[in-house]
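A.B. asks: Structure provided below as structure tokens; questions to follow.
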């Protein structure tokens, strides 16, 4: 058995490549319908213990993922270039009115494509992330007020 980039075990059985947990469920519990996913109760992708596996829809999988707070795991193994914090900042910048930055400027700042920024802005990806102001906007010092007439600064 080998483990892929996402942490899931892969195995070849009778000339066919399987995710190890799906093969385990199929062999020891029951066949898996094509519209169902094989989910882990233990949140360990390489686990093949049939007692830790159950069937559900992809929606069940995502809900379970969010409810159990395993987001740290997703970022560790995901092929995503962005973190949830960066996505929250991008959502904030895209929603600003009046808009201060174009999608191209935001994409360049986060080193992603403009279409990535657009899909985040439209809610096609990362729907569970709420917009949040970037730290650079929060922590930047307030503008210096103009000097008062007749004031001499002594150092």
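The values are calculated or read from the model by the stated rules, or taken from the named source; none is laboratory data. Keep in mind it's a predicted model, so treat the numbers as computed, not measured. With ideal geometry, Cβ positions are generated from the backbone for all residues, glycine too; neighbour counts draw on all protein chains shown.
A.B. asks: Could you give me the residue pairs with C-beta distances under 8 Å whose first residue belongs to the range 107-135 and is more than 18 Å from residue 96 (Cα to Cα), whose second residue is surrounded by fewer than 13 Cβ atoms within 10 Å (Cβ to Cβ) wherever it lies, and which are 6+ apart or on separate chains?
C.D. replies: Close Cβ pairs satisfying both conditions: 111/81; 112/81; 128/66.
A.B. asks: Can I ask one more? Can you name every one of the helices (runs of 4 or more DSSP H) wholly within the range 1-102 that holds 2 or more residues which are at pLDDT below 85? Show your work before the answer.
C.D. replies: Working: elements: 20-28, 58-67, 71-77, 84-95.
Output list reads 58-67, 71-77.
A.B. asks: From the set of residues in the range 17-41 that are within 28 Å of residue 80 (Cα to Cα) and out of contact with any strand residue (DSSP E or B) (no Cβ under 9 Å at 6 or more places or on another chain), which is surrounded by the fewest Cβ atoms within 10 Å (Cβ to Cβ)?
C.D. replies: 34
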